[in-house]
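Note sheet for the following structure.
Laboratory data are not the source of any read-out in this text; all were calculated from the coordinates shown. Quantities reported herein were computed from a predicted structural model and do not represent experimental measurements. Don't worry about glycine lacking a Cβ; one is built from the backbone with ideal geometry, like all the others, and counts go over all protein chains shown.
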Amino acid sequence: MSDKSTILKPERKTRTERPRLHKVLLVNDDFTPREFVVAVLKAEFRMSDDEAFQVMLAAHKLGLCVVAVFPRDVAETKAGRATDAAKAHGFPLRFETEPEE
């Protein structure tokens, strides 16, 4: 009989980190009509009339407003599509992204 003992190694659980979130920011300008900004917010970010109006008003008063927070690829896609929609209609409206802290 042999005295070999089996040494068991504890199982390592790998943890998958959550993706870093990014904020979508609405940058105010003095040329894009408020109604158009509300329409873009409703279409791209699926906001209600009241939510879109409040976000637009906050950006108007503060110069910049956080619209929503998403994983990086979603945030960049939504910001790009919203900015492109404004450009297609001849408005300088901009949406930007930045990492959430």
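Of the options (1) 94, 24, 21; (2) 87, 19, 13; (3) 88, 24, 21, only one is Cα extents along the principal axes in Å as computed from these coordinates, and that is (3).
What do you get for the angle between helix 72-88 and the principal long axis of the chain? Use alpha-carbon atoms, 0 to 90 degrees, nearest ten. Once rounded, the angle reads 20 degrees. By the rule of a C-alpha distance below 18 Å, with chain neighbours fewer than 8 residues away ignored, the lysines paired with K23 are K42, K78.
With a cap of 16 neighbouring Cβ atoms within 10 Å, and only residues DSSP puts in a loop, list the trypsin sites (Lys or Arg not before Pro) found in segment 30-101.
On the way: sites: R34, K42, R46, K61, R72, K78, R81, K87, R94; in loops: R46.
When the trypsin sites (Lys or Arg not before Pro) of segment 30-101 are filtered for loop state and at most 16 Cβ neighbours within 10 Å, R46 remain.
Give me the dipole magnitude in Debye, nearest 20, for the chain about the Cα centre, with unit charges on the beta carbon: positive for Lys and Arg, negative for Asp and Glu.
Values: 17 positive and 17 negative charges, 119 e Å.
Dipole size: approximately 580 debye.
Taking chymotrypsin sites (Phe, Trp or Tyr not before Pro) across the chain, the ones in a DSSP loop with at most 10 further Cβ atoms lying within 10 angstrom of their Cβ are F31. Taking segment 11-47 and a reference point 7 angstrom along Cα→Cβ of V74, the backbone N atoms nearer than 13 Å belong to 19-24, 45-46.
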